1. Looking only at the stretch A:145-161, count how many residues are farther than 29 Å from A:G120 by Cα and surrounded by fewer than 18 Cβ atoms within 10 Å (Cβ to Cβ).
2. Scan the stretch A:69-88 for residues that are touching a Ser or Thr at 6+ places or on another chain (Cβ under 9 Å) and of a type in the set (F, W, Y) and jot them down.
3. With the condition being more than 8 Å from chain B (Cβ to nearest Cβ) and touching a residue at least 60 places away in the same chain (Cβ under 8 Å), I'd like the helices (runs of 4 or more DSSP H) fully within the stretch A:68-144 carrying at least 1 qualifying residues.
4. Go through the stretch B:6-34 and give me each residue that's at the interface with chain A (Cβ under 9 Å from one of its Cβ atoms), small (G, A, S) and over 15 Å from A:P71 (Cβ atoms).
5. Among the residues of the stretch A:43-65, is there at least one that is under 30 Å from A:T163 (Cβ atoms), facing chain B (nearest Cβ under 10 Å) and without any contact (Cβ under 8 Å) to a residue 24 or more places away in the chain?
6. All but one of (1) at the interface with chain A (Cβ under 9 Å from one of its Cβ atoms); (2) in contact (Cβ under 8 Å) with a residue 12 or more places away in the chain; (3) not hydrophobic (A, V, I, L, M, F, W, C) hold for B:S47; which doesn't?
7. Output the residues belonging to the stretch B:107-144 that are surrounded by fewer than 19 Cβ atoms within 10 Å (Cβ to Cβ), in a strand (DSSP E or B) and within 14 Å of chain A (Cβ to nearest Cβ).
8. Answer yes or no as to whether A:N40 is outside any helix (DSSP H, G or I), surrounded by fewer than 22 Cβ atoms within 10 Å (Cβ to Cβ), at pLDDT 80 or above and within 14 Å of another protein chain (Cβ to nearest Cβ).
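The values are calculated or read from the model by the stated rules, or taken from the named source; none is laboratory data. Small disclaimer: the values here were computed from a predicted structure and weren't measured. When we count neighbours, we look across all protein chains shown, and the Cβ atoms used for this are built from the backbone with ideal geometry, even at glycine.
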Amino acid sequence: MNLVRIKYTKWFNIFKSGMKTDNPIFVAALGLCSALAISNTVENAIAMGLGVTFVTIVSSVFVSLFRNYIPSKLRIVTYMVIISTFTIFVQKFLQAYFPDIYSALGAYVGLIITNCIVMGRAEAFAVKNPWRYSLIDGFATGMGYMFVLVFVALIREPLAFGTILGYQVMPDGFTTWASMAIAPGGFFILGLIIWALRTWAKSYDLEV
Amino acid sequence: MKQYMQLIIFVGVLGLITSFAFVGMDLLFSERIEANENAALYSAILSHNDATFTQSSMFDVFTSEIEVENLVVDGKDVKMYIDNKTNNISFLFGIFDESGYINDIVGILTVEEDFLTIVDITILQQEETPGLGGKVALREFLDQFIGLKFDDTSEFPIIIGPIGSNDNAANEVDQIAGATNTSRAFQRILTESYYVYKDLWESVGQ
């Protein structure tokens, strides 16, 4: 009974929307640049996914909390300032506590600032909703992004390096595919995954 | 007028809060970031000189084994690290004008006391394309340099040439497959840094 009721709660629908029906990558096709670049290893995908999730959550909560004080003429600039502040926090945190991951992600951590997902959720959701729903929306969108990233990385890493999370999974003598380590390889895998997930989620662009 | 004043006040307050946030972050993380950078540098130098150390003993071993020579090049402070046991000399490369294909490539190079023979080389920082130019930091590429001698009579004392080790000159290694621009940039970086440090080494009369 309770499970049935959960289906009709607002927070559940927000979560479902971020993960599935409005998934930032396979439905909205946002944040693809970093997704293609860093999804060549699972470790990078998890680190980037967590970074984007954190920035989306706190940016959305801040935008939601202060939405009545942000002048409409300055709202985009304000979002940028809020997002960049938290992105720099993530960048410095990784540099201080996870220097190897920071090195592996390179410039892409800083580029969370320009990730359309973060700005998109601030403008499309947080500015119109209370902070608790914005928090769930930020979390769901970030997790939706990370889910696809890890999915892609689970295919790319074994083919590109013969490993998953650094552990050898391919047989000895396996010839690694250099193309899977670079963005074009990610492009093909992501294309196939978007096709598969859209079919699964029944998310089609219908002709009018 | 009142509306514009409100906008200006909002921007001022936003700027002030953000500035405090940045100062706070700097206070929170800068010490650890600097310690990480030093640890990576010390670890590379000690490893190049086959020193025995652990994470906890690294700073003590470094202090006892490595002599640091502080020098100045065109107003820029640079350091040369001399190992007391082997007399090998280590220095940071990639800190002058030349940079990688995408961004700076910084690393540590150790040479024997003849200032010609390469003992080892490690990359500390690079932002080249992952999977292509990014391979500049991998051991399989860097290990090619070990034991080679710089040709200090040539325009390029070390050559990063086409793949095919059979045809390589005595001071030549194979370039990174699919990353010709990074390979060329790396050759320029090594050339520039080598000649700067060689002049310094000779000028201090070692």
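1. Within the stretch A:145-161, the subset farther than 29 Å from A:G120 by Cα is A:157-161.
Okay, now just the ones that are also surrounded by fewer than 18 Cβ atoms within 10 Å (Cβ to Cβ), so none.
Total meeting the criteria: 0.
2. A:Y79, A:F86
3. Values: elements: A:75-97, A:99-105, A:116-124.
Here the list reads A:99-105, A:116-124.
4. The initial filter retains those residues of the stretch B:6-34 that are at the interface with chain A (Cβ under 9 Å from one of its Cβ atoms), namely B:6-7, B:10-11, B:14-15, B:17-18, B:21-22, B:25-26, B:28-33.
After this cut, where a residue has to be small (G, A, S) as well, the list is B:15, B:21, B:30.
Once the filter is applied, which keeps residues that are at the interface with chain A (Cβ under 9 Å from one of its Cβ atoms), small (G, A, S) and over 15 Å from A:P71 (Cβ atoms), the stretch B:6-34 yields B:A21, B:S30.
5. Our first condition is that a residue be under 30 Å from A:T163 (Cβ atoms); within the stretch A:43-65, this holds for A:43-56.
Next cut, facing chain B (nearest Cβ under 10 Å) only: A:44.
Filter once more, keeping what is without any contact (Cβ under 8 Å) to a residue 24 or more places away in the chain: none.
For the stretch A:43-65, residues under 30 Å from A:T163 (Cβ atoms), facing chain B (nearest Cβ under 10 Å) and without any contact (Cβ under 8 Å) to a residue 24 or more places away in the chain: absent.
6. Unmet for B:S47, out of (1) at the interface with chain A (Cβ under 9 Å from one of its Cβ atoms); (2) in contact (Cβ under 8 Å) with a residue 12 or more places away in the chain; (3) not hydrophobic (A, V, I, L, M, F, W, C): (1).
7. Result: B:L124, B:Q125.
8. No: the conditions fail for A:N40.
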